[in-house]
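Report on the structure given below.
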Amino acid sequence: MPEDIVIEMSHVSMMFNKSSEKIDNLKEYLIKFCKGNLRFEEFWALKDITLSIQKGESLGIVGLNGSGKSTLLKLVAGVLSPASGTLQVKGNIAPLIELGAGFDVDLTARENVYLNGAVLGYSHREMIEKFESIIDFAELWEFVDMPIKNYSSGMVSRLGFSIATANLPDILIVDEVLGVGDYKFREKCRERMEQIINRGATVLFVSHDQKQVEEVCSRVIWLEKGRIRMDGTCSDVCRAYFEA
Ligand SMILES: Nc1ncnc2c1ncn2[C@@H]1O[C@H](COP(=O)(O)OP(=O)(O)OP(=O)(O)O)[C@@H](O)[C@H]1O
Ligand SMILES: [Mg+2]
């Protein structure tokens with residue numbers, strides 16, 4: 001992969017098994033499973049995506065619901081692996097995808113921060129150093145020893161955002177999470193993202209809001225039914241997609 005390219009996808013496709021019949025309960029599922037009667041339909045969420053993204057580039061991804069945007073981000077983040085094709089990613093990633101999806105709700109915020117750190121491969125020592133700034137940014141000192149299940153959804157998102165961006169990443173992946181939190185926290189999130197971008201991070205940004213895309217992105221791809229319909233400058237693609 002050339003020096004200045006940080007993400008390279010070549011003929012990447014992603015398939016999910018979609019159950020082609022309605023199954024109402026686990027018992028029915030098990031009976032069908034044992035009889036070998038389970039029928040699945042192949043569903044291609046992404047088809048033959050070839051894409052290179054340069055260091056420092058801010059790439060927007062637009063497209064209708066179900067067009068494959070989140071699937072593409074999850075492939076880059078390593079949450080999913082492609083069914084076919086090759087994918088290379090250089091650098092550490094801050095994935096702002098499903099904030100708080102990895103939390104154990106029975107544990108407190110404090111416990112979850114350490115758990116998350118361990119999952120991300122940080123030492124206990126590093127996490128002790130980070131812990132304070134994570135809770136500071138999320139403004140959750142008052143609730144730090146309360147189980148996450150008693151948090152409001154905004155509080156969960158704040159903690160998720162704060163953890164995911166605690167280390168300045170080389171690649172920032174943002175999947176429609178800018179709407180989280182109250183207006184004050186949104187402003188803080190925007191500032192932190194700006195900091196990360198200004199430091200030269202590469203950004204993948206998904207949003208249904210034209211203004212947000214225009215604020216953040218220089219280049220945009222338009223996904224349609226899992227394929228790239230258009231790849232070009234922000235203004236060209238936004239005009240074609242949002243204003244057609
Ligand atoms: N884990 C999964 N299992 C089965 N199908 C899935 C899975 N994840 C995504 N899909 C399917 O893949 C397609 C693309 O989904 P994806 O979440 O990437 O869309 P999206 O472009 O992010 O849509 P939205 O704008 O609604 O967020 C959808 O049809 C969805 O049903
Ligand atoms: Mg999505």
query = Pick from GLY232, GLY179, GLY226, GLY200: which is within 14 Å of ligand 1 (Cβ to nearest atom) and either at pLDDT 90 or above or on the phi > 0 side of the Ramachandran plot (or both)?
reply = GLY226
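Here is a list: LEU80, LEU64, LEU99, LEU73. Which entry is under 17 Å from ALA201 (Cβ atoms) and within 16 Å of ligand 2 (Cβ to nearest atom)?
Values: LEU80 fails: under 17 Å from ALA201 (Cβ atoms); LEU64 fails: under 17 Å from ALA201 (Cβ atoms); LEU99 fails: under 17 Å from ALA201 (Cβ atoms).
So the residue among LEU80, LEU64, LEU99, LEU73 that is under 17 Å from ALA201 (Cβ atoms) and within 16 Å of ligand 2 (Cβ to nearest atom) is LEU73.
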query = Restricting the first residue to the stretch 51-73 and requiring it to be closer than 17 Å to GLY85 by Cβ and in contact (Cβ under 8 Å) with a residue 24 or more places away in the chain, which pairs with a second residue that is assigned to a strand (DSSP E or B) and near ligand 1 (Cβ under 6 Å from one of its atoms) meet a Cβ separation below 7 Å and a spacing of at least six or different chains?
reply = GLY68/ALA45; THR71/ALA45
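If you take the residues of the stretch 157-194 that are within 16 Å of LYS130 (Cβ to Cβ) and among the polar types (S, T, N, Q), which of them is farthest from ligand 2 (Cβ to nearest atom)? Before the answer, list the steps.
So in the stretch 157-194, the residues within 16 Å of LYS130 (Cβ to Cβ) come out as 158-169, 192.
Those still in the list that are among the polar types (S, T, N, Q) too: 162, 165, 167.
Numbers: SER162: 22, THR165: 20, ASN167: 25 Å.
Looking at the filtered set, the residue picked out is ASN167.
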remark   = Checked against (1) within 15 Å of ligand 1 (Cβ to nearest atom); (2) of a type outside the set (A, V, I, L, M, F, W, C); (3) not in a strand (DSSP E or B), LYS18 satisfies every condition except (3)
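Select the helices (runs of 4 or more DSSP H) contained entirely in the stretch 22-132, then report the ones holding at least 2 residues which are of a type in the set (Val, Ile, Thr). Quick ask: steps written out before the conclusion?
Working: elements: 26-35, 69-77, 109-119.
Hits in the stretch 22-132: 69-77, 109-119.
Please tell me if GLY91 is among the small types (Gly, Ala, Ser), more than 30 Å from GLU224 (Cβ to Cβ) and within 19 Å of the chain's Cα centre (by Cα). It would help to see each step written out before you state the result.
On the way: among the small types (Gly, Ala, Ser): yes; more than 30 Å from GLU224 (Cβ to Cβ): no; within 19 Å of the chain's Cα centre (by Cα): yes.
Considered against the rule, which asks whether it is among the small types (Gly, Ala, Ser), more than 30 Å from GLU224 (Cβ to Cβ) and within 19 Å of the chain's Cα centre (by Cα), GLY91 comes out as no.
Answer yes or no as to whether LEU96 is within 18 Å of PHE161 (Cβ to Cβ), surrounded by 13 or more Cβ atoms within 10 Å (Cβ to Cβ), within 16 Å of ligand 1 (Cβ to nearest atom) and in contact (Cβ under 8 Å) with a residue 24 or more places away in the chain.
Numbers: within 18 Å of PHE161 (Cβ to Cβ): yes; surrounded by 13 or more Cβ atoms within 10 Å (Cβ to Cβ): yes; within 16 Å of ligand 1 (Cβ to nearest atom): yes; in contact (Cβ under 8 Å) with a residue 24 or more places away in the chain: yes.
Yes, satisfied.
For the stretch 1-49, give me the residue count where each residue is over 15 Å from VAL76 (Cβ atoms), of a type outside the set (D, E, K, R) and out of contact with any helix residue (DSSP H, G or I) (no Cβ under 6 Å at 6 or more places or on another chain). So that I can check it myself, show each step before the final result.
We begin by selecting, within the stretch 1-49, every residue over 15 Å from VAL76 (Cβ atoms); these are 2-4, 11, 15-44, 47-48.
Of the ones still in play, those that are also of a type outside the set (D, E, K, R) are 2, 11, 15-17, 19-20, 23, 25-26, 29-31, 33-34, 36-38, 40, 43-44.
Keeping just the survivors that are out of contact with any helix residue (DSSP H, G or I) (no Cβ under 6 Å at 6 or more places or on another chain) gives 2, 11, 15-17, 19-20, 25-26, 29-31, 33-34, 36-37, 40, 43-44.
The total comes to 19.
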request  = Can you run down the residue pairs with Cβ atoms below 7 Å, 6 or more apart or on separate chains, where the first is in the stretch 110-127 and among the polar types (S, T, N, Q) and the partner is modelled with pLDDT under 85 and not in a helix (DSSP H, G or I)?
outcome  = ASN116/GLY102
remark   = Of the conditions (1) away from ligand 1 (no atom under 16 Å from the Cβ); (2) surrounded by 14 or more Cβ atoms within 10 Å (Cβ to Cβ), the single one that GLY91 does not satisfy is (2)
inquiry  = Considering only residues that are within 16 Å of ligand 2 (Cβ to nearest atom), under 24 Å from ILE5 (Cα atoms) and of a type outside the set (Gly, Ala, Ser), which ones fall in the stretch 19-61?
reply    = LEU46, ILE49, LEU59, ILE61
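Considering only residues that are among the hydrophobic types (A, V, I, L, M, F, W, C) and over 14 Å from MET15 (Cα atoms), look in the stretch 83-96 and name the one that is nearest to ligand 2 (Cβ to nearest atom).
Once the filter is applied, the top-ranked residue is LEU96.
The values are calculated or read from the model by the stated rules, or taken from the named source; none is laboratory data. All of these numbers come straight from a predicted model, not from anything done at the bench. Neighbour counts are summed over all protein chains in view; Cβ atoms, including those assigned to glycine, are modelled from backbone coordinates with ideal geometry.
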